[in-house]
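Participant: Here you go, one structure.
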Amino acid sequence: MNYVFNPPAVVSAPVVGRSERFPVHRIYCVGRNYEEHAKEMGFTGREPPFFFLKPADALVAVEAGQMGNLPYPSQTTNLHHEIELVVAIGKGGRNIKAADAAAHIYGYAVGLDMTRRDLQNDMKKQGRPWCIGKAFDHSAPMGPITPAQQAGDVAQAAIWLRVNGTDRQRSNVRNLIWNIGESIEALSAAWQLQAGDLIFTGTPEGVAAVVPGDVLSGGVDGLAPLTLKVAPA
Ligand code: MN
């Protein structure tokens with residue numbers, strides 16, 4: 001096959017304990033999936049699951065034991081962190097039932113759904129798409145993927161984010177409104193999931209702004225942690 005210019009490299013993430021990398025297809029995100037976060041955003045809590053996407057090349061794949069680098073994005077003065085459990089799909093499908101979802105999961109990772117909150121809020125007010133607030137370059141930092149068999153009981157795991165050593169977000173994955181299986185069921189009813197898809201499952205309460213120089217360190221019990229520094233643009 002010849003192309004009119006060289007195609008971009010495949011976006012990929014490291015896998016704990018393996019030299020092979022996980023090739024990324026799409027990045028799906030679940031909105032307002034923890035009740036206390038929904039409340040802090042001005043909503044009441046449980047509502048039907050809804051989704052948005054980030055481009056695959058928005059991924060900032062942070063290698064095991066490394067400090068990642070997050071360039072401060074343009075056009076914002078309110079860059080928010082959202083720590084999230086990420087589900088990595090290893091086997092695709094459509095209309096996957098929640099009870100069958102585990103068979104489609106390759107592994108799990110710790111991710112950040114970085115958000116230009118000021119731009120997202122502008123778009124919300126105008127009833128316009130969230131892309132500029134959510135789907136910008138470098139908006140999806142993520143640590144190494146831990147294969148599901150090595151990950152422990154992720155559904156009951158603590159999830160947290162510290163900024164410069166101080167707790168900002170702390171909850172438990174059991175507080176998800178739509179759990180991992182239910183989220184996969186709803187997503188796969190709307191899109192055909194494929195191997196390589198990543199699902200950012202939503203953030204707990206405590207979202208707030210970061211500035212250049214801040215060091216973010218996040219985790220989910222049983223998974224490889226994620227550390228990165230916000231750099232000047
Ligand atoms: Mn989010």
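The values are calculated or read from the model by the stated rules, or taken from the named source; none is laboratory data. On a predicted model such as this, the values are computed, not experimentally measured, just so you know. Note that each Cβ is placed from the backbone with ideal geometry, even for glycine, and that neighbours are counted across all protein chains shown. Heads up: the accessible areas ignore ligands, DNA and RNA and are worked out on the full protein's heavy atoms, side chains in. Shrake-Rupley method; radii C 1.70, N 1.55, O 1.52, S 1.80 Å.
Participant: For region 120-233, rounded, prolate or oblate, judged on the Cα gyration tensor with a ≥ b ≥ c (square roots of eigenvalues), a/c < 1.5 rounded, else prolate if a/b > b/c?
Facilitator: The shape class here is oblate.
Participant: Decide, for region 93-169, between rounded, prolate and oblate: order the square roots of the alpha carbon gyration tensor eigenvalues as a ≥ b ≥ c, take rounded if a/c falls under 1.5, and otherwise choose prolate if a/b is larger than b/c, else oblate.
Facilitator: Here region 93-169 falls in the oblate category.
Participant: Over the chain, give the accessible area per residue in Å² for a 1.4 Å probe, as an integer.
Facilitator: 46 Å²
Participant: Run the 1.4 Å probe and let me know the accessible area of PHE51, rounded to the nearest 10 Å².
Facilitator: Number for this one is 40 Å².
Participant: Work out which trypsin sites (Lys or Arg not before Pro) in the chain are exposed loop sites (DSSP not H, G, I, E or B, at most 13 other Cβ within 10 Å) and give the longest gap free of them.
Facilitator: For trypsin sites (Lys or Arg not before Pro) (loop position, at most 13 other Cβ atoms within 10 Å), the longest site-free span of the chain is 98-233.
Participant: Right, another one. Rank these by accessible area, largest first, 1.4 Å probe: CYS131, CYS29.
Facilitator: Ranked from most to least accessible, the order is CYS131, CYS29.
Participant: OK, next. Set the Förster radius R0 to 41 Å, insert the Cβ-Cβ distance between MET1 and THR166 as r into 1/(1 + (r/R0)^6), and round the FRET efficiency to 0.05.
Facilitator: Calculated transfer efficiency: 0.20.
Participant: If the chain between ASP122 and ALA190 were fully stretched, how many nm would it gain, using 0.36 nm times the residue separation less the Cα-Cα distance?
Facilitator: 21.8 nm
Participant: I've got another one for you. Which Rg and Dmax, in Å, describe the Cα atoms of the chain?
Facilitator: 16.7, 53
Participant: List every residue whose amide H lies under 5 Å from the amide H of VAL24, counting only residues 5 or more places away in sequence or on a different chain, with H placed 1.01 Å from N in the peptide plane.
Facilitator: Sorted by chain and number, the residues that satisfy this are VAL11, SER12, ALA13.
Participant: Still on this structure: Which of rounded, prolate or oblate describes region 26-159 when judged by the alpha-carbon gyration tensor and an a/c cut-off of 1.5?
Facilitator: oblate
Participant: Normalising by the residue count of the chain, find the relative contact order in percent from Cα pairs under 8 Å and 6+ residues apart.
Facilitator: 31 percent
Participant: What is the Cα centroid distance between region 164-210 and region 77-126, reported in whole angstrom?
Facilitator: Result: 5 Å between the Cα centres.
Participant: Ok, one more. If I compute solvent accessible area with a 1.4 Å probe over the protein chains, what percent of it on the chain is carbon and sulfur?
Facilitator: That share works out to 51 percent.
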